[in-house]
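Structure record follows, encoded as structure tokens.
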Amino acid sequence: MRHASKIELGIIFLACMVAGLLLTSNHEEPTSRFFHHDAIAGSASSTGVLNNTTTQLNFTFTFSEYHEHDCQLAMPVGCDFDMRLYNPSNTLVASALARSSAGTNESMVYFNNGPSGTFKIQVLRYSGSGSFTVSVTEVQKIVIDSGNPHVQPFNANYNNTGLWKATYNRTPNPWGITNASFRSSPTSLRFTGAGIPIFDTPVAGGTIASPLFDLRGNYQYVLMLGYLLYPSIGLGSGSLEVQVNGTGGWNNLATLNPLATDWTRLQVNISSYKGSHVRFRLLLNGIGNAGYFYLDDFQINTIVPGTPAFSNPGLSPTIGNNYTTFHVQVNYTHPGNIFPGDIHVSVWDGFTPDVKTVPLGEVDLADWDLTNGKLYACDFQLFDVKDPYLYCASDQLVLPYALFLLPIRYLRPVTSEALSTASLPYMLDFEGGDVFYTINDPWYAAPAIESNSNGNYLAAGTSAGAIADNSLLARVGIATPWITVPQGLQTFIEFDLTFNVAIQNLVNAFKVNVTINGVSWITVAQYTSSTSGKQSVNITAYQGHVVGVRIFMESLVTLGIRSASFTLDNVSVAKRDLVAPVWVNPSLSAGQWLFGTVTIDMAVADVGFGVARVIVKVDSLVITEITSFTGNVARCSIETTRFTNGDHEIVFIIIDTSGNQNAYTFVVRIDNTPYWLYLAIIGAAIVFGLVAVKKRGVIAAGVQRKARKEEIPPASVANKILEITGVFRRISAADLAKKLGVANITPGTVLAYLRYMVAQGMLKGDLDGDVFTRVMSGKMKAILAGKEAAIIEYLRSRRHAPVARMIQDLHLEGLRTEALEDFIMGLVVARKISCYFEDGAIFCEDEEVTKVPEVTTVEDHVPAQVPSPGMESTARMAMEPRRGMPVESSTPPGRTSQLEGATIATEPEPAAAMPAKAPWTLADKKDDIIRLVSSKEHVSFEEIKKEFALTESSEDIEDFLFHLIKNGEINGLIEDDGFSRRDDADARKEQPVQLPATLASKKDDIISMLASKEHVSFQEIKQAFILEESIDEIEDFLFDLIKNKAIKGIIEEDGFSSRD
């Protein structure tokens, strides 16, 4: 065997060196990797041959640190070669093992997350023979640092470098540059729909992946892009995904809105990927026949530190009410151009925050620059907000920005312009000239008047894409003018409604609300499922009141789905007569003997539209029908000779024009025996049985009197008696009969009812003649007497106390509520305390408190019967001291309440409408009465009543004079029979009364007192300076002194403790 010479060995060695250089590619890390340009880092390749003899070859390449490397294997047709990648530790880290016989190239991408080093690529033969080429390309990455954002506007040459990778599941390629729609001119990237019927498969889908981004700088990062997506069918969707460090799967970052009608901005904070290399892609599925997707202005930027700010707020108008549409706009600036995730107007009701939030929308959707300010605006109504303050809030600001420090001037609807009872029925058919208010809160899709073959109607609904806030509750509908609900009639709200609910599990309802003050609304009807047809809602409970009515849909606004809608027509407020007519003082009584021709007169009455006819029957036989009346008197004649002698039943059926009827039945004795026969019978009675007749008469009379002594009342009447005697401690049978208001129940009948209820223990009290008085047991009296001091202190320390809470706090659970009320009434009469009962609570009047009225939240319930104004005032007056005691005005002139340093005048609530009285009322003759009682030393109640022909009773006159004294309009005393004037000279003879002081007037004295003691209670301060303010106001006053450094100390539960 020949040995190679030195020259040959040298040639072989040199050839090996050249081959090694060809097979090995070492790429140094480019020094320009922190510059932002699209320069390619570099690539290297090698070739080889695989066959039956040589089945694998190894090649080495230098992989740069923190870079992605694209490895490609090109092979001839008919060959199937595999490719494996080993790291410097000779560990398999990636492979391309797809089997193919068509000569398809194989590839793999590997991200080197470690230092630079030598990697080995192994090519293995699976089948076939031939030459191949293996190549490695270092993939370009984009480094993001401060002040140099990456922006891709998707122009014609956007992908010259090939860094954006697109995939799709159909041909031809649906991705392409277009000028059909764009966010920034002139082009955008478009993905077109499948172009096939929507029921065929597959529909179009695909991805578009971004270059690799280096986020290893010490910054916070944000991604922003613009898109427009319409999938054409309900199954379409789109999402933004991220892949970290070139390995692993794709993670979802955001879901795209599939029904946006205009370009949508998507902003995502990607700071959580700081220190990594990331790639993003948009994934599309189910893009149907007419569907499309546009992508534009993709950008990644660092977040510039800075504080966002609001400026230049605007409000229009500044005066309004429930139905006024307010417009708010404000300028929003962010130095880092970071858009807020949430920006809205927060409405406060007095000191109650966020009673309502309204999203602020971008005025110019094309403006994506917040660094120089961007205008946001919204429109809304102040739905049930009484004392509104407006603030602007954002998720990027810790504290809300006060748009308007002063409250909006709030005007209540004008009740003086209410429709009268005579104006009913009120009809709203939307045919033109209708008077109503629009409810549209927030202002995004106002109800509109539409037409069909039957005329006009109102329509509205919450629909797709209305507002980009899934949690926004919208109210859309109408409100009627103010209406006077008639007395004695049934009143109904009626309307034709079609209410469609698309989603049952959302907040969707159609409501009817009623108010008597313009602020607090009560739901009287509610529909929560799809409804169609004429609806009728009874509002008779509000008779005698002036009410407002609103009819509206309350719906949760959703994106992409029509949540609910309605049509409304023929809205009316109509009065109906559902009360049967009655008769008064008929000239017939039960048991009466009749003979010959009998004429019967009866006065008939109807609270509705009048009596139509009266049918008269005798033993079920109609003998006449009365259809004409003299005034309100009906008259009929009965020929008794048509009937046999004996007992007969006469029935009078009274029917009004509304079809209501009432029947009155009498059993009478008809006797048409000749007169001489009566004389014979009477004579026989005198001769043979006078004594027996007298005996029987006495016995019968006694039985009759005993039967009327006690009588079981009907259940409904017994409940009313319990209700009325629960309010009035002492009441006569005659007064109780009036207040019951039940036909044919006389004071004697009521007295019999009272006797029975007292005897059975249903009523706790005594009957003195015909007067009932509530009493309590000796045990209850003893318990309450022992609690007297605690009860007085409890009431004086509170503005008001619910009776149930007071019983619980003072451990009086064993006592009846009526007993506690009677005991407190005794304290009032003894002038130990001044208070009154109202709505299950005790209101203390020891100090006058003026506060901003609270707003009542509308709850979904049917209202209870509205109490009679007369009964309410009588119950209240029963608790106030009256006779023989001078009463002075408890409210100093010009009294105001303090709210955050601004003086707000106390404004009384509007009084409920009362029916007019004739010929004169106390209110009509107020000035004349004041002149009369001021000119005489003593005037009786009866003299006042006669002097002015008043309709009110002496008790009403007494209450009227009492309030005049209390309000300081007259000076004198209430006596048992009338009013006695008291001159100023007489008043000066009495011991002078020290008027209450105010906290402001005693400020210096209070500071001196606090400085001299370690602890002072609020009650001690109030008593020491005879202050008119309440304990809560004293506590607030001391808090302000501490805050303003006028005193040093802390507020305890019961007072103030000094602190050095």
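In plain terms, the chain from Val717 to Lys936 could stretch by 74.3 nm, reckoned as 0.36 nm per residue minus the Cα-Cα distance.
Could you list the residues of the range 532-549 with an amide nitrogen less than 20 Å from a label point located 7 Å from the Cα of Ser453 in the Cα-to-C-beta direction? Once the point is set 7 Å along Cα→Cβ of Ser453, 533-534 turn out to lie under 20 Å by backbone N, inside the range 532-549.
For the range 1003-1058, averaging the sequence separation of C-alpha pairs within contact (under 8 Å, six or more residues apart) and dividing by the residue count gives a relative contact order of 43 percent. Note on Asn372 and Thr167: with the Förster distance fixed at 60 Å, the Cβ-Cβ geometry gives a FRET efficiency of about 0.90.
Taking chymotrypsin sites (Phe, Trp or Tyr not before Pro) across the range 271-360, the ones in a DSSP loop with at most 12 further Cβ atoms lying within 10 angstrom of their Cβ are Phe351. Taking a sphere under 10 Å around the Cβ of Leu212 and counting the other residues whose Cβ falls inside, with K and R at +1 and D and E at -1, yields a net charge of 0. Using a Debye calculation, one point per C-alpha and no hydration shell, please list log10 I(q)/I(0) for the range 580-670 at q = 0.14, 0.17, 0.21, 0.23 Å⁻¹ in order. Once normalised to I(0) and log-transformed, intensities are -0.46, -0.67, -0.99, -1.16.
Using the Cβ-Cβ distance between Ala590 and Phe629 with R0 = 30 Å, the FRET efficiency computed as 1/(1 + (r/R0)^6) comes to roughly 0.80.
Computed from label points 7 Å out along Cα-Cβ, the spacing between Asp619 and Asn744 is 2.3 nm. If R₀ is 60 angstrom, what is the calculated FRET efficiency for the pair Thr352 and Asn52, using the beta carbon separation as r and rounding to 0.05? Rounded to the nearest 0.05, the efficiency is 0.10. For Ala166, the residues 5 or more places off, or on other chains, whose built amide H falls under 5 Å of its own are Ala209. Here each label is just a point 7 Å from Cα along the line to Cβ, and for Ser129 and Phe643 those points are 13.5 nm apart. Close amide H contacts of Ser530 (hydrogens built in the peptide plane, cut-off under 5 Å, sequence separation of 5 or more or a different chain): Val501.
Under 17 Å from the 7 Å Cα→Cβ point of Asp1005, by amide nitrogen: which residues of the range 1023-1060? Within reach of a label on Asp1005, which here means backbone N under 17 Å from a point 7 Å along Cα→Cβ, the range 1023-1060 contributes 1023-1030, 1034, 1038. Got a sec? Which residues in the range 68-82 would a label at Gln122 touch, if it sits 7 Å along Cα→Cβ and we count backbone N under 14 Å? What the label zone holds, given the 14 Å backbone N cut-off, is 82. Rounded to the nearest whole Hz, the Karplus-based 3J(HN,Hα) values (6.51 cos²θ - 1.76 cosθ + 1.60, θ = phi - 60°) of the range 68-75 follow the sequence 9, 10, 9, 9, 10, 10, 9, 9, with x at glycine and proline. Remark: C-alpha extents of the range 715-774 on the principal axes read 26, 22, 20 Å, sorted largest to smallest. From the Kirkwood radius over Cα pairs of the range 309-410, Stokes-Einstein at 25 °C and 0.890 mPa s returns a whole-number translational diffusion coefficient of 177 µm²/s.
FYI, it's all coordinate maths here, none of it is from the lab. All of these numbers come straight from a predicted model, not from anything done at the bench. For neighbour counting, all protein chains shown are included, and Cβ atoms are generated from backbone atoms with ideal geometry for every residue, glycine included.
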